Ligand SMILES: C[S@@+](CC[C@H](N)C(=O)[O-])C[C@H]1O[C@@H](n2cnc3c(N)ncnc32)[C@H](O)[C@@H]1O
């Protein structure tokens, strides 16, 4: 071959190689930029990312898919150091769910009546033995179901609850969460509703003080063991502080009772070997700030499966002073270090994302959404059959007629489900909890991305 021809070929190859390397560099740069955007704010919409990075939807999806199997990325999002870990988990759950049920997803997106996967039910009239200082249910004075005009056409009867449970199941609900307004276990109907929920195939969860279990019948314990999750609200493992928080007299021995009930439930669960997960919910507030490590020890000692730690999320109690904040952070850091060192064994400890940010000394700000979409993932029915857009609006403290989507007595479930799709709930709500804001941000991203042609199974959370 003449030398000139060899030269030309070599030069062409060299220039092709250079173009390849530079494309690779751009692609690698884009990939790490997108990974960083998703890590710092998983709810960033794809439209925003495409604009910021200057790539097409097709190119973005390719990178999203890469991230699904990127080991480093997966390690990062599951790490206790990651301040969007719970948000990422929400996104993961939603994309798997929506990708696995095209009929449900189609109905949700096209505006047909569909029931959210989770519905919260408040079946007591706010009745409770306790009067917790941080309780978000009521101001313990003027704001009640009565004064907040939340009584609609009267209390829901057992048959109406059953009809509601059957219909929401039929329209796509998978999980019924029993909570309050008050203490669920004081409601005589609860076990009937629980058994009925299970009979129609609903999974069930309960938030309880755990105080009212002493007189349960065997059959009722059995129904509890059929539940999916039961979380005991225990905001101190010290009897005195516990009583101060829940406002119970010393002679009631409330914490001892709760502790015994918790142990009994765990024992029964372990004998039967049911799938029920039993946990503790702990709300940090001025009275218990120095006891976070104590509750972790208590949780470990009792053998519960999980412990949820978060702050008083809507500042019912006074903000912590600077010194308490410093001490709180020190405790949380020690607990996290212990988690990393495997000190707590199988006990799963979830800090709210904002607490992780606090430990990391990061700012925790969630993006604004154009409208509130909690109605699609956590609407709440009050004891009088009012269907509220979210759990907070279902409580007298934050009740607002503008957030009531319908009245079950008057409208029935199907009409309310149809109206849910047509109703616009404003996003500028000052009392939104971090869990609500998190769900709002993720749901909004996923729906906007889907409208752009990005499939749920192509999201980095899949
Ligand atoms: C109002 S309680 C009612 C259910 C039940 N009686 C109980 O004690 O769990 C429902 C849930 O709200 C949580 N909670 C109460 N006040 C709170 C606050 N200020 N911030 C965050 N969560 C709160 C409780 O810990 C519980 O998990």
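Summary of computed values
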read-out	value
Inter-centroid distance (Cα atoms) of the range 70-109 relative to the range 388-444, Å	23 Å
Gyration tensor verdict on the chain (Cα atoms; rounded if a/c is under 1.5, prolate if a/b is larger than b/c, oblate otherwise)	prolate
Prolate/oblate/rounded call for the range 354-434, Cα gyration tensor, a/c under 1.5 rounded	prolate
On Cα atoms only, tilt of 3-40 relative to the major axis of the chain in degrees	10 degrees
Between the range 246-307 and the range 185-215, the Cα center-to-center distance that results, in Å	18 Å
The range 112-208 - percent relative contact order, Cα under 8 Å, separation 6 or more	44 percent
The range 272-420: relative contact order in percent, alpha carbon pairs under 8 Å with at least 6 residues between	16 percent
Gyration tensor verdict on the range 189-231 (Cα atoms; rounded if a/c is under 1.5, prolate if a/b is larger than b/c, oblate otherwise)	oblate
For the chain: relative contact order, % (alpha-carbon pairs under 8 angstrom, 6 or more apart)	23 percent
Degrees separating the helix 434-451 axis from the principal Cα axis of the chain, which is the longest one	40 degrees
Protection-proxy order for peptides 193-205, 245-257, each taking the mean of Cβ atoms within 10 Å per residue, highest first	193-205, 245-257
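None of the figures in this text is laboratory data; all of them are computed from the coordinates on show. What you see is a predicted model; the values in this text were computed from it and never measured. Methodologically, a virtual Cβ is constructed for each residue, glycine included, from the backbone with ideal geometry; neighbour enumeration extends over all protein chains shown.
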